[in-house]
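Heads up: the structure comes next, in structure tokens.
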Amino acid sequence: MTRRVAPDLAALLESFFREYLPRVRGASPHTLRAYRDAVRLFLLFLADHMGRDIDGLHLDDLAAEHVLAFLDHLETSRGNGPTTRNIRLATLRSFFRHLLRHDPTRASQYQRVLALPSKRSRSRPATYLEPDEVRVILSKPDPTTLLGSRDLALLLFLYNTGARVSEALAVRSADLHLASQAQVRLHGKGSKDRLCPLWRETASALARVLRALPAGDGPIFRNARGQPLSRDGVAYILDKYVRLSAREVPTLSRRRVTPHVMRHSCAAALLQAGVDLTVIRDYLGHATISTTNRYVSANLAMKRNVLEVFWRRSGLTPSNPAPWRPRKHILAILDSL
């Protein structure tokens with residue numbers, strides 16, 4: 001009878017990232033990188049915590065108390081908030097479920113990790129820009145220059161489609177249809193594609209960018225050296241034009257406008273236009289309607305409209321309200337104080 005060899009940490013790590021995530025779960029390269037970074041952080045912390053090299057770690061070291069210490073380290077030493085902590089924990093849970101499937105001899109050890117609860121975090125409303133603020137930002141790139149034309153196309157694309165940064169950076173010429181009824185195919189989370197219509201202005205700006213690109217089917221958004229634009233590059237471009245726009249709209253100087261804020265701004269504009277939530281969900285590629293619902297709670301313009309309708313329906317507003325003016329004797333009383 002052949003004796004089964006007990007798995008080791010390295011073997012299970014390799015099978016998790018090379019077999020389970022891409023082949024069983026169908027995880028995207030972006031998801032693989034995110035999981036890799038979380039597991040790497042944990043193993044680096046654990047090696048330092050145990051006073052060993054990473055190669056010296058064993059499966060017995062993957063205990064619940066060490067995972068808790070790692071989560072505390074994220075918040076106290078790395079300055080991560082509860083949301084980031086919970087995301088890291090969710091990644092580790094996925095890894096520990098893989099360990100449980102392949103190493104049942106340590107089932108109770110892994111189950112204690114899987115039983116660790118997520119930390120409650122405060123739900124913050126989505127940050128977004130009003131359409132008039134976005135219009136000012138879109139007016140800043142110079143479309144007569146090569147980089148200015150690219151910047152305008154990028155900003156229009158983000159606002160028009162509500163695409164995630166990773167989705168925008170993955171777009172290639174083959175994904176675009178810029179003739180009548182212009183549209184783009186976006187490659188979203190979980191290997192789910194979706195089609196988004198494009199404004200005439202967005203299609204024209206993209207066409208100018210495509211004409212300036214060399215032959216081939218690489219990403220359409222590239223840096224000055226012709227290399228694919230990075231996430232940091234997109235954030236830098238947006239921040240540059242937000243700073244310029246702050247001279248006209250001072251409130252922008254007090255806000256942190258990231259590329260994801262453009263996605264929120266697209267959703268808020270669709271909501272204000274009366275688009276149904278289920279349509280917005282599909283437009284943005286949300287997995288569930290609950291994700292889309294947060295824009296309802298965040299939308300101040302809609303709340304103001306509801307409040308005004310409620311005030312009128314209440315019958316409290318007089319038909320011809322006269323402006324209040326203080327009488328002279330009232331002013332005299334106040335001046336004598």
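Considered as a group, the residues in region 200-212 that are in contact with a Leu (Cβ under 7 Å, 6 or more places away or on another chain) and of a type outside the set (V, I, T) include one that is surrounded by the fewest Cβ atoms within 10 Å (Cβ to Cβ), and that residue is A212.
If you check R225, R135 for being free of Cβ contacts under 8 Å to residues at least 40 places away in the same chain, outside any helix (DSSP H, G or I) and either assigned by TED's automatic domain parsing to the domain that holds L21 or surrounded by fewer than 19 Cβ atoms within 10 Å (Cβ to Cβ) (or both), only one passes: R225. Checked against (1) outside any helix (DSSP H, G or I); (2) surrounded by fewer than 17 Cβ atoms within 10 Å (Cβ to Cβ); (3) not charged (D, E, K, R), S253 passes all but a single condition, namely (1). From the list A215, A207, the one residue that fits, being assigned by TED's automatic domain parsing to the domain that holds I280, out of contact with any Asp or Glu (no Cβ under 8 Å at 6 or more places or on another chain), without any contact (Cβ under 8 Å) to a residue 40 or more places away in the chain and part of a helix (DSSP H, G or I), is A207. Reported count of residues in region 172-199, each being part of a loop (DSSP other than H, G, I, E, B), at negative phi and exposed (fewer than 11 other Cβ atoms within 10 Å of the Cβ), is 2.
Of the residues examined, A47 is one that is touching a helix residue (DSSP H, G or I) at 6+ places or on another chain (Cβ under 7 Å), part of a helix (DSSP H, G or I) and either closer than 19 Å to Y110 by Cα or at pLDDT 95 or above (or both). The set of residues in region 130-162 being more than 16 Å from A207 (Cα to Cα) and of a type in the set (A, V, I, L, M) consists of V134, V136, I137, L138.
Which count do you get for residues in region 228-239 that are closer than 20 Å to L138 by Cβ and either free of Cβ contacts under 8 Å to residues at least 12 places away in the same chain or in contact with a strand residue (DSSP E or B) (Cβ under 6 Å, 6 or more places away or on another chain) (or both)? So the count comes out to 3. Please go through region 57-91 and give me each residue that is of a type in the set (S, T, N, Q) and either more than 24 Å from the chain's Cα centre (by Cα) or farther than 15 Å from P117 by Cα (or both), ordered by number. Once the filter is applied, which keeps residues that are of a type in the set (S, T, N, Q) and either more than 24 Å from the chain's Cα centre (by Cα) or farther than 15 Å from P117 by Cα (or both), region 57-91 yields T76, S77, N80.
If you go through region 64-122 and keep only what is among the acidic types (D, E) and free of Cβ contacts under 8 Å to residues at least 60 places away in the same chain, you end up with E65, D72, E75.
The values are calculated or read from the model by the stated rules, or taken from the named source; none is laboratory data. Treat the numbers as computed from the prediction; the structure is a model and nothing was measured. Positions of Cβ are backbone-derived with ideal geometry, glycine not excepted, and every protein chain shown enters the neighbour counts.
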